[in-house]
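Student: The structure under discussion is supplied below as structure tokens; questions concerning it will follow.
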Amino acid sequence: MDIGGRLREVRESRGMSQRDLAARAGLTSSAISLIEQNKSSPSVASLKRLLDAIPMNMSEFFTVVEREERQKYFYSPDEYIELSPQDIGLGESAARVSLRQLGNASRHSLQVLHETYPPGADTGPELLKHEGEEAGIIVSGIIEVTVGDQVRVLNPGDGYLFSSQLPHRFRNINDAPCVVISACTPPTF
């Protein structure tokens with residue numbers, strides 16, 4: 001997906017200049033320009049901050065509108081919607097987080113994600129915050145989760161549940177990939 005082109009398209013459709021978006025998101029207009037030209041890749045946290053300033057959630061940004069007449073209930077893994085395509089940078093590492101959404105969350109009150117964190121990957125140096133609540137269960141690997149002032153390393157079978165309005169971050173501190181199945185309600189990520 002052309003992240004920069006999509007960001008420019010959304011920004012312009014809202015009648016915002018690069019300066020307007022930069023001021024609302026707390027970034028420089030030159031940073032916005034580099035992202036829109038695909039010369040710079042934002043972290044998940046930075047992209048979330050940009051979309052919050054528009055306002056738009058990650059799901060809306062990445063979801064291709066389903067044009068099916070018939071309601072869809074079942075999905076194969078190749079039909080999940082990637083919310084963090086591989087050209088989005090994450091933190092200092094080159095590792096990429098995969099956040100794959102089940103179905104079109106804009107049509108539901110629940111967002112379900114299949115998350116994969118390669119060794120060293122994280123959601124970015126900035127803590128995430130958004131409306132809603134989220135929960136997840138670690139399927140494999142280990143992950144360090146920060147919620148507010150609490151930090152915990154979670155192992156397979158461990159879970160989390162918190163208000164997404166609390167600052168939070170996910171970081172794989174292990175040398176093996178970590179897989180998490182998570183849910184957010186309402187779908188605001």
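FYI, it's all coordinate maths here, none of it is from the lab. Please read all numbers here as calculations on a predicted model, not as lab measurements. Note: ideal-geometry Cβ built from the backbone for every residue, glycine included; neighbour counts use all protein chains shown.
Student: Work out how much length Ser76 to Ser40 would gain on full extension: take 0.36 nm times their residue separation and subtract the Cα-Cα distance, in nm to one decimal.
Tutor: Full extension of this stretch gives 9.7 nm more.
Student: How are the alpha carbon pair distances in the stretch 125-182 distributed across 5 Å bins from zero to the largest one, expressed in percent?
Tutor: Bin by bin from 0 Å, the calculated values are 4, 20, 31, 25, 15, 4, 0.
Student: Tell me, what is the Rg over Rh of the chain, with Rh the Kirkwood radius over Cα pairs?
Tutor: That ratio is 0.96, to two decimals.
Student: Picking from Ile142, Val153, Leu34, whose Cα lies most toward the positive end of the charge dipole for the chain (charges on Cβ: Lys, Arg +1; Asp, Glu -1)?
Tutor: Projecting each Cα onto the dipole axis, the largest value belongs to Leu34.
Student: Using only helices, what value at 222 nm comes out for the chain when you add -39,500 (n - 2.57) per DSSP H run of length 4 or more and divide by the total residues, to the nearest 500 deg cm²/dmol?
Tutor: -6000 deg cm²/dmol
Student: Counting only residues 5 or more places away or on other chains, whose amide H sits under 5 Å from the amide H of Thr123 once H atoms are built in the peptide plane?
Tutor: It is Phe170, by chain and number.
Student: Can you run phi through the Karplus equation (6.51, -1.76, 1.60; θ = phi - 60°) for the stretch 116-121 and list ³J(HN,Hα) in whole Hz, with x for Gly and Pro?
Tutor: Those phi angles translate into 10, 10, x, x, x, 7 Hz.
Student: At a Förster radius of 22 Å, what calculated FRET efficiency corresponds to the Cβ-Cβ distance of Ser163 and Glu126, to the nearest 0.05?
Tutor: Plugging the Cβ-Cβ distance into 1/(1 + (r/R0)^6) gives 0.75.
Student: Could you check the simple spin-label distance between Ser140 and Ser17, using points 7 Å along Cα→Cβ, in nm with one decimal?
Tutor: 5.1
Student: Treating cross-link reach as a plain straight distance, find the lysines whose alpha-carbon is under 20 Å from the alpha-carbon of Lys39, omitting any fewer than eight places away in the same chain.
Tutor: List returned: Lys48.
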